[in-house]
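Asks: Below is a structure I'd like to ask you about.
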Amino acid sequence: MTGAAAETRSVIVERDMPYPPEKIWRALTQPHLIEEWLMKNDFSPVAGHRFTLRNTPRPDISIVIDCRVTAIEPNRTLSYTWDALGLESVVTWTLTPTGTGTRLRMEQRGFRPDQEQAYRGATSGWRRFVTQLEQVLERID
């Protein structure tokens, strides 16, 4: 990443969820579940693992996001790079147990000032993805 950290912005989504961290962790790290709320993928919860996220929103558009797991602490923290369309960023998921479940925090950091469109898209996109994640969690045991 180029430029000082102060020059970049982050998208942050936080939700309190009535589920234990272990259940949310499964949805964040099992490829078939990730596909249900995010995108098709070849994810593996191993530090250094390179994977792609793939989405075809329309027949004429295919989006491929290159990622690499940078940090993993089961049931607590997951970070990976997110490189696509000129955006080099890092997504970090943090799970904090609460008295009623888990506080989920997602941060995607690394948006440069000239990436306003990507920042706005990620802001609305992550809210939608986290809502879809909640729907997956409602269904699974």
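Asks: Under the condition of being of a type in the set (A, V, I, L, M) and either under 18 Å from GLU73 (Cβ atoms) or assigned to a loop (DSSP other than H, G, I, E, B) (or both), which residue from region 18-33 is nearest to the chain's Cα centre (by Cα)? I'd like the intermediate steps shown before the answer.
Replies: Of all residues in region 18-33, those of a type in the set (A, V, I, L, M) come to 24, 27-28, 33.
Still in the running and either under 18 Å from GLU73 (Cβ atoms) or assigned to a loop (DSSP other than H, G, I, E, B) (or both): 24, 27-28.
Values: ILE24: 12, ALA27: 11, LEU28: 8 Å.
So, considering only residues that are of a type in the set (A, V, I, L, M) and either under 18 Å from GLU73 (Cβ atoms) or assigned to a loop (DSSP other than H, G, I, E, B) (or both), the one nearest to the chain's Cα centre (by Cα) is LEU28.
Asks: As an exercise: evaluate ARG128 against (1) assigned to a helix (DSSP H, G or I); (2) over 23 Å from PRO31 (Cβ atoms); (3) of a type in the set (Lys, Arg) and give the number of the one condition it does not meet.
Replies: With (1) assigned to a helix (DSSP H, G or I); (2) over 23 Å from PRO31 (Cβ atoms); (3) of a type in the set (Lys, Arg) applied to ARG128, the lone miss is (2).
Asks: Which of (1) closer than 18 Å to LEU87 by Cα; (2) without any contact (Cβ under 8 Å) to a residue 24 or more places away in the chain is the odd one out, the single condition PRO59 does not satisfy?
Replies: (1)
Asks: Here is a follow-up. Looking at region 110-122, which of the residues that are buried (at least 17 other Cβ atoms within 10 Å of the Cβ) and touching a residue at least 60 places away in the same chain (Cβ under 8 Å) is farthest from the chain's Cα centre (by Cα)?
Replies: Looking at the filtered set, the residue picked out is ARG112.
Asks: Name, by its number, the condition in (1) without any contact (Cβ under 8 Å) to a residue 40 or more places away in the chain; (2) closer than 17 Å to ALA118 by Cβ; (3) not aromatic (Phe, Trp, Tyr) that does not hold for VAL11.
Replies: Among (1) without any contact (Cβ under 8 Å) to a residue 40 or more places away in the chain; (2) closer than 17 Å to ALA118 by Cβ; (3) not aromatic (Phe, Trp, Tyr), the lone unmet condition for VAL11 is (1).
Asks: Looking at GLU14, is it out of contact with any Gly (no Cβ under 7 Å at 6 or more places or on another chain) and part of a helix (DSSP H, G or I)?
Replies: no
Asks: Restricting the search to region 101-125, which residues are in a loop (DSSP other than H, G, I, E, B) and over 19 Å from ILE63 (Cβ atoms)?
Replies: ARG112, PRO113, ASP114, listed by residue number.
Asks: On to the next question. Out of region 41-76, which residues are part of a strand (DSSP E or B), closer than 14 Å to THR29 by Cα and not acidic (Asp, Glu)?
Replies: Within region 41-76, ASN41, ARG50, PHE51, THR52, LEU53, CYS67, ARG68, VAL69, THR70, ALA71, ILE72 meet the criteria.
Bear in mind that the values in this text are calculations on the coordinates, not laboratory data. As the structure is a prediction and not an experimental result, all values here were calculated from the model. Methodologically, a virtual Cβ is constructed for each residue, glycine included, from the backbone with ideal geometry; neighbour enumeration extends over all protein chains shown.
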